[in-house]
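K.L.:
Handing you this structure, nothing more for now.
The values are calculated or read from the model by the stated rules, or taken from the named source; none is laboratory data. Note that the coordinates shown come from a computational prediction; the quantities given were computed from them, not determined experimentally. Glycine also receives a Cβ, built like all others from the backbone with ideal geometry; neighbour counts cover every protein chain displayed.
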Amino acid sequence: MKNIGVLTGGGDCPGLNAAIRAVVRHSIDTYSFNVIGFKRGWAGLLEGLVEPLTKYAVSGILPKGGTILGTSRTNPDKVEDGYLKIRENFRKFGLDAIISIGGNDTLGVAANLQIKYDVPCVCVPKTIDNDVACTDFTIGFDTAVSIATAAIDNLHSTAESHDRVMVVEVMGRHAGWIAAFSGIAGGADIILVPEKPFNMDEVCEILKKRHKRRGRSFSIIVAAEGATSDDGAISAKSAKTDPFGNIILGGLGVTLSHEIEKKTGFETRYVILGHTQRGGTPTPVDRILATRFGVRAVDLVARGETGKMVGTSGGSIVQVPVLDIVETDKKGFYKGKTKTLDMEFYETAKVFFG
Ligand code: F6P
């Protein structure tokens, strides 16, 4: 009989509840383990905010968006003796392992706990950004791509009716996965990603050629929020950061659309999809991925194989050492490595530019 703690940290995404349900059901039904939920990410372990997770507590949550445990961007490194407090609570609650469901920030904390503080953790990757290393996909990505694609589909008809350029800003702080996938699926005329600084004149040239050649004056540009122009003049960078030091983005579409209108004379509008991409019910793909991840995470705890992250590779569920998904910061602390866009997707998308 083991006691497992489970938490969801960082930005929420559809599919978290499916993962929590899988952890609870498999723990209780297969192994007779006890599961304690910690609320609001690492804040739950710092402050002892718990929720016992029974089968009843997770009944009916599979299709629901968000997370029944709540989440936060609480960084133990920003709290006095934060890591020591977590270890103290880990022992106080008699836990054998923590299943940490999160993105690069949350999983970086889990790596520090596992490696530096001797707190056994198993990591489950989630983020709509799909930028966690060593896994093909993260929970939430497929739903975000579906939402963004549906938005692009809707924008096509209004762009066409009004002969307008539409700039669709999607999430993707350091990686252009959502932009590339939704842009390909939605037939975008230009896609801008953080991995490839864009040249404003080239963007306008593509638009002008397209409108001249095709004799129609509408275009759809999909831009990841973290994309920047090669001269640095167009970007969404702000001075505000979150507790993990990530710059709070949003608003690239505004500057970009003004600039396009100014340089081309084409009437241009922007839509910032923002947090709509993180809301709502998860797609079947995300529910299945979350369920498979949750089940494998519990199996790893049962086998005493902590210090690992579950992931997917070529359709199979795999597990990788947590050290493979992190790098060290200036202070020697671990943080998640960013998995940037596989540029093969970008090259494919480019075939359809203009
Ligand atoms: O979780 C990743 C992400 O959705 C990024 O794409 C985005 O930049 C960020 O979170 C937004 O964070 P918040 O919800 O704190 O505004």
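K.L.:
What's the number of the condition G245 fails, among (1) in contact (Cβ under 8 Å) with a residue 40 or more places away in the chain; (2) part of a loop (DSSP other than H, G, I, E, B); (3) not polar (S, T, N, Q)?
P.N.:
Here G245 meets the rest and fails (1).
K.L.:
Going through the range 106-138 one residue at a time, which ones are surrounded by fewer than 24 Cβ atoms within 10 Å (Cβ to Cβ) and closer than 15 Å to T71 by Cα?
P.N.:
The answer is none; no residue qualifies.
K.L.:
Residues in the range 256-271: is at least one under 22 Å from G103 (Cβ atoms) and out of contact with any helix residue (DSSP H, G or I) (no Cβ under 7 Å at 6 or more places or on another chain)?
P.N.:
no
K.L.:
Report yes if some residue within the range 263-280 is among the hydroxyl-bearing types (S, T, Y), in a helix (DSSP H, G or I) and within 13 Å of the ligand (Cβ to nearest atom); otherwise report no.
P.N.:
Initially, the range 263-280 is screened for residues among the hydroxyl-bearing types (S, T, Y), giving 264, 268, 270, 276.
Then drop every residue that is not in a helix (DSSP H, G or I), which leaves 264, 276.
Narrowing further to those that are within 13 Å of the ligand (Cβ to nearest atom): 276.
Within the range 263-280, one or more residues are among the hydroxyl-bearing types (S, T, Y), in a helix (DSSP H, G or I) and within 13 Å of the ligand (Cβ to nearest atom).
K.L.:
Here's a follow-up. Among (1) in a helix (DSSP H, G or I); (2) buried (at least 17 other Cβ atoms within 10 Å of the Cβ), where does V6 come up short?
P.N.:
If we test V6 against (1) in a helix (DSSP H, G or I); (2) buried (at least 17 other Cβ atoms within 10 Å of the Cβ), just (1) comes out false.
K.L.:
How do the pairs read when you match residues in the range 156-173 that are in contact (Cβ under 8 Å) with a residue 40 or more places away in the chain and assigned to a loop (DSSP other than H, G, I, E, B) with residues anywhere that are away from the ligand (no atom under 16 Å from the Cβ) and of a type outside the set (D, E, K, R), using Cβ under 7 Å and keeping only pairs 6 or more apart or on different chains?
P.N.:
D163/S217; D163/F218; R164/F218; R164/T268
K.L.:
Report, ordered by the first and then the second residue, all pairs with beta carbons closer than 7 Å, sequence separation of six or more or different chains, a first member in the range 116-143 that is aromatic (F, W, Y), and a second member that is buried (at least 24 other Cβ atoms within 10 Å of the Cβ).
P.N.:
F137/N130; F137/L289; F141/I128; F141/N130; F141/W177
K.L.:
I would also like to ask the following. Looking only at the range 153-173, count how many residues are at pLDDT 95 or above and within 24 Å of G103 (Cβ to Cβ).
P.N.:
Count: 5.
K.L.:
Are any of the residues in the range 220-229 touching a residue at least 24 places away in the same chain (Cβ under 8 Å) and surrounded by fewer than 21 Cβ atoms within 10 Å (Cβ to Cβ)? Lay out the reasoning, then the answer.
P.N.:
Residues of the range 220-229 touching a residue at least 24 places away in the same chain (Cβ under 8 Å): 220-229.
Checking the rest, the ones that are also surrounded by fewer than 21 Cβ atoms within 10 Å (Cβ to Cβ) come to 228-229.
Within the range 220-229, one or more residues are touching a residue at least 24 places away in the same chain (Cβ under 8 Å) and surrounded by fewer than 21 Cβ atoms within 10 Å (Cβ to Cβ).
K.L.:
Go through (1) hydroxyl-bearing (S, T, Y); (2) crowded, with 23+ Cβ neighbours inside 10 Å; (3) touching a Lys or Arg at 6+ places or on another chain (Cβ under 6 Å) one by one and return the number of the condition S100 breaks.
P.N.:
All conditions pass for S100, except number (3).
K.L.:
Something else about it: With the checklist (1) at pLDDT 95 or above; (2) among the hydrophobic types (A, V, I, L, M, F, W, C); (3) under 17 Å from the mean Cα position of the chain (by Cα) in hand, flag the one item I247 doesn't pass.
P.N.:
Tallying (1) at pLDDT 95 or above; (2) among the hydrophobic types (A, V, I, L, M, F, W, C); (3) under 17 Å from the mean Cα position of the chain (by Cα), I247 fails exactly one: (1).
K.L.:
Scanning the range 10-20 for residues that are out of contact with any Asp or Glu (no Cβ under 7 Å at 6 or more places or on another chain) and outside any helix (DSSP H, G or I), which turns out nearest to the ligand (Cβ to nearest atom)?
P.N.:
It comes out as G11.
K.L.:
Just for strands (runs of 3 or more DSSP E) wholly inside the range 24-143: which have at least 2 residues that are closer than 16 Å to V6 by Cβ and either within 16 Å of the ligand (Cβ to nearest atom) or at pLDDT 95 or above (or both)?
P.N.:
The strands (runs of 3 or more DSSP E) meeting that bar are 34-38, 97-102, 121-125.
K.L.:
I've got another one for you. Would you confirm, using the coordinates I've provided, whether P197 is in contact (Cβ under 8 Å) with a residue 12 or more places away in the chain, outside the structural domain of K308 (by TED's automatic domain parsing) and either in contact with a strand residue (DSSP E or B) (Cβ under 8 Å, 6 or more places away or on another chain) or under 30 Å from G332 (Cα atoms) (or both)? Reasoning before the result, please.
P.N.:
Working: in contact (Cβ under 8 Å) with a residue 12 or more places away in the chain: yes; outside the structural domain of K308 (by TED's automatic domain parsing): yes; either in contact with a strand residue (DSSP E or B) (Cβ under 8 Å, 6 or more places away or on another chain) or under 30 Å from G332 (Cα atoms) (or both): yes.
So P197 fits the description; yes.
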